[in-house]
Amino acid sequence: MSYLGTVLLVAGKDLRTEIRSREQVVSLFVFALLILVVFNFAFDFTIVDFGSLGPGVLWVAFIFSGVLALNHSFRIEREQDRIEGILVAPIDRSAFYLGKVAATMMFMSAVEAVLVPLAAILFNQPLTTRLGALLLVLLLNTLGFAAVGTLFAAVTTQTRRSEVLLPLLLFPAAVPIALAAVRTTSHVLAGRPFQVYANWVWLSGGYDLVFLAAAVLLFDFALQE
Amino acid sequence: MTFAASATPGATPLLTARRLQKRFGASPALDDVDLDLAPGERVLLLGPNGAGKSTLLRTAAGLIRPSAGSLLLFGEDPWRGDRIAIRRRLGLLSHQTFLYDHLTAAENLVFYGRLYGLGTTTAGARRSLDEVGLADRADDPVRTFSRGMQQRAAIARALLHAPDLLLLDEPFSGLDAAGRDTLRRLLRDRFAGARAFLMATHDLESALPLASRVIVLDAGRVTIDRPSAGLDAARLEALIGRHAGAAGAGVAP
């Protein structure tokens with residue numbers, strides 16, 4: 001099977017499993033929605049400028065639901081020792097990694113696709129005029145988070161306390177992408193021109209490339225005992 | 001330490017272990033294990049709980065690295081050689097099924113078949129499931145299966161790519177009498193030629209008739225390594241009992 005075929009096979013398997021079980025999507029949506037509602041009550045956005053606090057609120061919701069998605073994604077592989085079935089298969093293990101990144105991106109993007117329009121309605125934000133820039137920001141930063149998160153989820157999956165360890169390892173490593181995500185989203189929502197936040201976009205793109213490349217090279221070692 | 005005669009003299013061993021050691025912390029799980037597995041051999045790996053049987057199988061499958069010693073699969077180092085080519089010739093059936101609960105039995109087989117580059121179709125998966133008596137449940141999610149049915153589906157999964165060397169860890173667990181018969185029949189049919197298997201089991205009654213050779217591990221060391229001819233379950237139990245605790249004494253039957 002081709003490398004891309006393996007990536008799609010793994011991502012498709014995760015998607016099909018989720019469509020059948022609906023274990024993850026429901027908890028991701030409820031969790032993200034809860035964060036949005038709690039922050040809505042905490043800050044009066046009729047007084048506080050949404051552009052200054054809103055991006056942080058949105059990315060807290062995306063990142064925490066992303067951690068849930070990552071934990072769930074590797075819990076499935078841990079149960080019944082399914083990960084061993086993958087490890088003994090004649091595939092490039094980095095293709096499994098990229099399949100998992102793709103699946104995590106799909107689940108995070110599904111949450112974002114609901115939460116962003118909802119936030120626009122709740123907080124009266126006209127997003128349609130900035131949709132292109134916003135999609136670029138969401139795509140780049142979601143990819144970066146999924147890339148680094150999948151690598152650390154794989155590292156921790158064979159430990160006993162993987163669900164505790166994952167955020168402890170992941171959050172420090174994800175600081176650059178979280179920072180870039182919040183800053184670029186803030187500039188986009190404020191309607192500023194691309195040149196103002198271009199450096200943050202390059203940072204996100206660079207982070208994505210570095211972590212994807214490093215993970216593709218290191219993933220085999222990450223999964224070893 | 002003794003070695004059984006190779007089933008195919010002169011052929012490259014499917015598995016070669018030399019002074020293989022695996023330690024978890026201070027305690028040795030495998031202690032200087034020497035082993036050759038020739039094409040056509042059907043080997044039972046016996047011993048009490050904690051003897052190192054599963055560790056040996058997991059090491060042979062490339063899932064854990066040995067602490068010392070060497071291991072070759074098909075004449076190649078599984079950590080430095082062509083790992084994908086090695087894994088293509090290797091199969092693993094454990095008491096864990098590796099199957100995804102929310103996928104159907106056929107979907108699971110299609111998934112694993114494609115991982116092995118077989119281009120398995122749903123029709124092909126159905127044929128494989130038919131061989132283990134699950135044709136009528138091919139489209140049901142695995143989570144709706146009993147433990148025994150899940151194990152049958154796992155057998156179909158493990159045999160899907162016709163491995164040259166199959167590693168089995170308690171494969172009879174959860175199977176009823178019919179399931180045990182099915183597994184015995186499949187192993188007898190599929191491993192009649194140059195293919196080989198190495199099976200860790202406590203179910204001597206089911207497994208011994210299949211075997212050409214018996215290896216007993218105790219505290220990570222090989223205490224018995226001999227052909228299975230002339231052995232029945234009772235005699236083998238007695239032999240294992242006699243050698244229990246003899247690890248390290250260089251006992252040969």
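The values are calculated or read from the model by the stated rules, or taken from the named source; none is laboratory data. If you're wondering where the values come from, they're calculated on a predicted model, not measured in any experiment. Cβ sites come from the backbone with ideal geometry, for glycine too, and all protein chains shown count toward neighbours.
Okay, here's what the table says:
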quantity	calculated
Odd one out for B:L92 among (1) closer than 30 Å to B:G241 by Cα; (2) more than 9 Å from chain A (Cβ to nearest Cβ); (3) outside any helix (DSSP H, G or I)	(2)
Index of the failed condition, A:D208 passing every other in (1) in contact (Cβ under 8 Å) with a residue 60 or more places away in the chain; (2) surrounded by fewer than 18 Cβ atoms within 10 Å (Cβ to Cβ); (3) under 27 Å from A:Q24 (Cβ atoms)	(2)
2 or more residues out of contact with any Pro (no Cβ under 7 Å at 6 or more places or on another chain) and free of Cβ contacts under 8 Å to residues at least 12 places away in the same chain: qualifying helices (runs of 4 or more DSSP H) within region B:113-224	B:122-131, B:177-190
Options A:L217, A:L209; residue that is among the aliphatic types (A, V, I, L, M) and at pLDDT below 95	A:L217
Positions within region B:55-82 being of a type outside the set (A, V, I, L, M, F, W, C), part of a loop (DSSP other than H, G, I, E, B) and within 12 Å of another protein chain (Cβ to nearest Cβ), in sequence order	B:G62, B:R65, B:P66, B:S67, B:P78, B:D82
Any hit, region B:59-72, residues being buried (at least 18 other Cβ atoms within 10 Å of the Cβ) and of a type in the set (K, R)	no
Of all residues in region A:17-44 being facing chain B (nearest Cβ under 10 Å) and surrounded by 16 or more Cβ atoms within 10 Å (Cβ to Cβ), the one that is nearest to the chain's Cα centre (by Cα)	A:E18
